[in-house]
1. Farther than 23 Å from GLY269 by Cα, in contact with a Pro (Cβ under 9 Å, 6 or more places away or on another chain) and at pLDDT 95 or above, is that true of PRO200?
2. Just checking, does segment 50-70 include any residue being modelled with pLDDT under 90, closer than 30 Å to ASP235 by Cβ and assigned to a loop (DSSP other than H, G, I, E, B)?
3. Based on this model, can you work out whether ALA177 counts as surrounded by fewer than 21 Cβ atoms within 10 Å (Cβ to Cβ) and small (Gly, Ala, Ser)?
4. Which residue out of ASP221, ASP235, ASP191 is of a type in the set (D, E, K, R), assigned by TED's automatic domain parsing to the domain that holds LEU159 and surrounded by 16 or more Cβ atoms within 10 Å (Cβ to Cβ)?
5. Within the bounds of segment 131-142, is there any residue that is assigned to a loop (DSSP other than H, G, I, E, B) and either among the basic types (Lys, Arg) or crowded, with 20+ Cβ neighbours inside 10 Å (or both)?
6. Does ALA117 count as over 26 Å from GLY220 (Cβ atoms), modelled with pLDDT of 90 or more and not charged (D, E, K, R)?
7. May I ask you to verify whether VAL222 is over 21 Å from LYS266 (Cβ atoms) and touching a residue at least 60 places away in the same chain (Cβ under 8 Å)?
8. Report yes if some residue within segment 86-107 is loosely packed, with under 12 Cβ neighbours inside 10 Å, in the same structural domain as SER166 (by TED's automatic domain parsing), closer than 28 Å to ALA165 by Cβ and modelled with pLDDT of 80 or more; otherwise report no.
Amino acid sequence: MNGTNNDAPQRNAAAQQSGQRLPDSPHAHGVTPAAERTLDILEFIATHGETRAAMLAQTLDIPRSSVYQLLDVLERHGFVTCLKDRHTYGIGLKTFEMGSAYSRQHRVSRIAHPVLARLVDDTGENGHLAVLHGSQIVYVLEERAAVRPPLVSGVGVRLPSHLTASGRAMLAGLSQAQVDALYPNRAAFVDRTGVGPKSPRDLRTLLNAIRLTGFAEEHGDVTPGFDSYAVAVRDYNGYPIAGLALTFVSNALGSERLDALRNRLKLAGEELSRDLQ
């Protein structure tokens, strides 16, 4: 290895003198060889099915020792499985789970789009759909109402679950043990605007109230001057697979109007839950 590194300056100089262009190093693009090789291995197995390590080494031009090292890491993390009786490697449960999660998210977004569009048209307020990802939510759909200010809830944006109405609605649908695993102590609580739960006890009290009413809300916890209402969207097992929300300017709506928003949001959440079952 040392000899290869010492020869590099001479090769570069020779290439410059001859006018040749050396191939870019993976590091020049911010990609490490190990990471790229790992993805190549996963992609090959996913495309071709069960594969021997020797075939991976030959086809992908990776040293066999490196192939075994990378396969060992992938197997320990559940991304590939070793079929010892056939001396081959196949896709592991973790890879399948990730693919299934993507399929579910894509299906939810596709089915939810017309429901969300009607909700926004009927209420005249901005609406969005989010899914739970650990202790964060990820916005997967956003529908803006006419003449309403833009929000931070663009598609792909991640925010702390305990601060958002969507996140709270979904957290309230989990068991207390699941919530405690996501928020074990005060250090798990990120702060944005100085308001919102700051401890497991605060969150437990908040979620218990949501379970009683069926509605989650936040008042300036994410963005000062904006409030949100949200309901959980559930699958056939009652598991909260998404959060459907409306966001509006704080103190701009009367009590009757707020009641109307909650009722319309509840209907939309029930409709989407039925559509996804």
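1. It is true that PRO200 is farther than 23 Å from GLY269 by Cα, in contact with a Pro (Cβ under 9 Å, 6 or more places away or on another chain) and at pLDDT 95 or above.
2. no
3. Details: surrounded by fewer than 21 Cβ atoms within 10 Å (Cβ to Cβ): yes; small (Gly, Ala, Ser): yes.
Spelling it out, ALA177 is indeed surrounded by fewer than 21 Cβ atoms within 10 Å (Cβ to Cβ) and small (Gly, Ala, Ser).
4. Only one candidate passes the filter, namely ASP221.
5. Among the residues of segment 131-142, not one is assigned to a loop (DSSP other than H, G, I, E, B) and either among the basic types (Lys, Arg) or crowded, with 20+ Cβ neighbours inside 10 Å (or both), which makes the answer no.
6. Yes.
7. The answer is yes for VAL222.
8. No, that holds for no residue.
The values are calculated or read from the model by the stated rules, or taken from the named source; none is laboratory data. From a predicted model like this one, the values you see are computed outputs, not experimental measurements. Because the Cβ atoms are built from the backbone with ideal geometry, glycine has one as well, and the counts that use them run over all protein chains shown.
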